[in-house]
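The values are calculated or read from the model by the stated rules, or taken from the named source; none is laboratory data. If you're wondering where the values come from, they're calculated on a predicted model, not measured in any experiment. For neighbour counting, all protein chains shown are included, and Cβ atoms are generated from backbone atoms with ideal geometry for every residue, glycine included. SASA here: full protein model, heavy atoms, side chains in, ligands and nucleic acids out. Shrake-Rupley method; radii C 1.70, N 1.55, O 1.52, S 1.80 Å.
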Amino acid sequence: MKIYNFSLLFLIVQIFFSCTGKDSQPVFTMQLKTNDGEYVALGDPFVYKHNGTYYMTGTSNPDSGFDYYTSNDLATWEYKGALFRPSENHFGKGFFWAPEVKFYQGKFFLTYSSLDKKSGLLLSALAVSDKPEGPFRELYAPWFNIGKSAIDCHIFVDDDQDQTSYLFFSQNGAEEGYSYGKNYVVRLTKDLSKFEGEPVLVGEASQEWEKVNYATNRCNEGVFVLKHDGNYYMTYSANHTSYSHYGVGTARAKHPLGPWIKDKDNPILFTDTKLGISSPGHSSIVESVDGRELHIVYHAHRNFDAPQPNDDRIAYIGRLYFNEAGNLRVKKNNIKN
């Protein structure tokens, strides 16, 4: 669950709770750093690859847009500056969150959300560029309005004959004393301009680890989708990003529109007191340099022991694999600093 500065929301005193999965072995992870040794200070990190170069963006300048980094090895990153800056007449004023870039039909499309002060809603937008490094220009801003806040957009293009495109997003807000996030999917038109059909619910707070503070927070958000051996796999985040029980779960489906079945052994990423990792979440997935492995990139608190709520986040990376049952898992190893 993202942080809102709306008057209708409230400060919540939450229980300090560390989620533990059924497999409590250490999770392989590495903190991402720049070429001058600084941690990459991003929330909602998103990595994409083009022509052998990795690009990473994320939530960093909520008032002014998005920056980006590049890397050749996924470990050391170079800060490159602005990826997107809103125009003077942009609908959104602040709350620039969770950018993602998708290469589609020869162009690069940037999804993100921002606060529409007229309606008080967080609305999603779409920008476009001819180059992976931008600059991105506004295409549909806002992109759509379902009458409620919609954030964390993720475009998935299937490998079917029609290259069908789908949009996953989180309906996000607060009501009746609790904050919530619900993940949806909808088919997009060929030009990505609008929906084809109605959004379908694919995930909400339903598993026990997602209900640690159910009276005040009921959240699923931050979807990423990939296809493997004819199955569709989703990673998503649950709970509140500012507190230690935030984590990453996974679900599987036979079709992008679902039904999506959550893994009974969720979460696959969680707060680990031994490693000093607090509140891992909002992940993206990318292939390794040699193309033989998958990596998961996510954020976690910079300082494990810092007072909470805590929104000071840095980017981490880990390794993924599919086990014999076809479930998506994080490889286990020691932490690398």
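Summary table
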| read-out | value |
| --- | --- |
| Where GLU198 falls short, out of the listed (1) open to solvent by 10 Å² or more (accessible area, probe 1.4 Å); (2) touching a Pro at 6+ places or on another chain (Cβ under 8 Å); (3) part of a strand (DSSP E or B) | (2) |
| Residues of the stretch 35-54 that turn out to be without any contact (Cβ under 8 Å) to a residue 12 or more places away in the chain and assigned to a strand (DSSP E or B), as a count | 0 |
| Selection status of THR241, of a type in the set (S, T, N, Q), open to solvent by less than 20 Å² (accessible area, probe 1.4 Å) and in contact with a Ser or Thr (Cβ under 8 Å, 6 or more places away or on another chain) | yes |
| Which listed residue, of THR57, THR70, is of a type in the set (Val, Ile, Thr), assigned to a strand (DSSP E or B), within 29 Å of ASP272 (Cα to Cα) and open to solvent by 10 Å² or more (accessible area, probe 1.4 Å) | THR70 |
| Verdict on LYS33 being among the basic types (Lys, Arg), surrounded by 13 or more Cβ atoms within 10 Å (Cβ to Cβ) and within 28 Å of LYS107 (Cα to Cα) | no |
| Given (1) under 20 Å from the mean Cα position of the chain (by Cα); (2) closer than 22 Å to ALA98 by Cα; (3) open to solvent by 20 Å² or more (accessible area, probe 1.4 Å), number of the condition LYS262 does not satisfy | (2) |
| Output for the stretch 291-307, where each listed residue is in a strand (DSSP E or B) and either modelled with pLDDT under 90 or open to solvent by 10 Å² or more (accessible area, probe 1.4 Å) (or both) | LEU294, HIS295 |
| Hits in the stretch 227-250 - residues which are touching a helix residue (DSSP H, G or I) at 6+ places or on another chain (Cβ under 8 Å) and in contact (Cβ under 8 Å) with a residue 60 or more places away in the chain | ASN239, HIS245, GLY247 |
| Subset of the stretch 187-221 [of a type in the set (Asp, Glu) and under 20 Å from GLY249 (Cβ atoms)] | GLU204, GLU208, GLU210, GLU221 |
| Qualifying residues in the stretch 277-290 (those that are more than 17 Å from the chain's Cα centre (by Cα) and touching a residue at least 40 places away in the same chain (Cβ under 8 Å)) - the one surrounded by the most Cβ atoms within 10 Å (Cβ to Cβ) | ILE277 |
| Strands (runs of 3 or more DSSP E) within the stretch 87-169 that include 2 or more residues aliphatic (A, V, I, L, M) | 97-104, 107-116, 121-129, 150-157 |
| Flag if PHE6 is at pLDDT below 95 and under 24 Å from PHE304 (Cα atoms) | no |
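A quick yes/no check of all residues on (1) modelled with pLDDT of 95 or more; (2) among the polar types (S, T, N, Q):
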{"site": "MET1", "(1), (2)": "no, no"}
{"site": "LYS33", "(1), (2)": "yes, no"}
{"site": "ASP44", "(1), (2)": "yes, no"}
{"site": "SER64", "(1), (2)": "no, yes"}
{"site": "TRP97", "(1), (2)": "yes, no"}
{"site": "TYR104", "(1), (2)": "yes, no"}
